[in-house]
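A quick write-up on the structure given underneath.
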Amino acid sequence: MTQYKILIDFRNITSHFQIVECLTDTFNAKCGDSVHFEINLNTYSLLYADHLLLISTTVNHLRERGIKVSGHFIGFVEGSDKANYASRINFFQQIGFNYQENFSRHNASGRFTEIKRFDDSNAIEIHKEIMSILVDKGAINEDMLIVLDYCLWEVIDNSIRHSQSDGTLSNGSGYICCQYFPNKNQIRLIIADNGQGIHKALTEHPDSEYKHYDEKQAVFHCIDKGVTNSTGKGFGLWATATLVKENGGKLIIHSGNHSLEIDNEKKIEKSSSWQGAYTYLRVNTDVSVNYDKIFPDSTQRNAFEEFKDNLLGNIDELW
């Protein structure tokens, strides 16, 4: 049996890549091994839910594989802002740490979602909850709202449909969280799974046209229009990347040993390994994007006009 000791010190962490660098060795653990985490939450800046989600996802993945997980916090101050924030977004609950909350939980609607596991049974409900954040006080123009609604569902659906390696569809799962930062005019969202990863999902389907891709090519081209393993249209990630470029936001797709980053340019780098895939999306709420940029076909626009009317009517019911 192998024992792994993992140190995650948020005083030295500013990116998702640094967290993955801390976690990557755990994906080599086998059933019967043990992993011990030492975590310092005392970051010098904000503590982000999308950073903590990567840890939550990994801890649950390890336990599901029969790996013993333990840990402790360094410099932990019960009742501190960092501890209370981690508790409020359900980080402690997700990793199995017993924390006594000494505060009242206010309704998160319109501001953030806790770290949540999703699968085919609750994905629509979680999608609707996040949409209530995206329309908070009209922060995003309606056309952009429709694009975000479409892109969000496509990324969620990718995990449900393609993360399993046994060939089944709609049997996958993942973790998700979203938070709106009104002072920064930004929304941060992450969706992560520990499934088979983009390379296997794209290349191992018997009807795929991209079996010749290596991992770097698979991750780099997964956002290209029409790239699919034959079970979809290959439109969702292209639409998401196009939205980010028009909005001036950021998109990160990390799978295996490669991470793709989209902002003003498209670049791919070799990185520490992430088992499965995660998609991080940062959107500027004060920069409008007309969905004509994403859906130029008139037939598609007409369909989305009708969908928009229905969506906005449903969203009114959320408040």
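Just so it is clear, none of the values below were taken in a lab; they were calculated from the coordinates. What you see is a predicted model; the values in this text were computed from it and never measured. Here Cβ is always computed from backbone atoms with ideal geometry, including for glycine, and neighbour counts include all displayed protein chains.
Between Lys128 and Lys270, residue separation times 0.36 nm minus the direct Cα-Cα distance comes to 47.6 nm.
With N as its number of residues, the chain has a Cα radius of gyration that, divided by 2.2 N^0.38 Å, comes to 0.99.
Gain on full extension, evaluated as 0.36 nm per residue between Asp292 and Ala108 minus their Cα-Cα distance, stands at 63.0 nm. Both radii were evaluated on the Cα set of region 22-163; the Rg over Rh quotient, with Rh as the Kirkwood radius, amounts to 1.00. For the listed residue pairs Lys5/Lys68; Lys116/Lys266; Lys266/Lys293, the alpha carbons are over 23 angstrom apart in Lys116/Lys266. If R0 equals 22 Å, the separation of the Cβ atoms of Asp9 and Tyr99 corresponds to a calculated FRET efficiency of about 0.65.
Using the alpha-carbon positions of region 1-98, Rg (one decimal) and Dmax (whole number) come out as 12.9, 38 Å.
Histogrammed with a bin width of 5 Å, the alpha carbon distances of region 41-99 distribute as 4, 18, 29, 27, 14, 7, 2, 0 percent, first bin at zero. Most tightly packed first, judged by the mean number of other beta-carbon atoms within 10 Å of their residues, the peptides 243-253, 285-295 read 243-253, 285-295. Summed over qualifying helices (DSSP H, 4 residues or more, each -39500 (n - 2.57)) and divided by its residue number, the chain shows a 222 nm mean residue ellipticity of -11000 deg cm²/dmol. Before anything else, pin down the relative contact order of region 1-98: Cα pairs under 8 Å, at least 6 apart, normalised by residue count, whole percent. Result for region 1-98 is 31 percent.
Remark: for residue pairs Lys128/Lys270; Lys225/Lys267; Lys82/Lys270; Lys30/Lys200, the C-alpha separation exceeds 23 Å in Lys128/Lys270; Lys82/Lys270.
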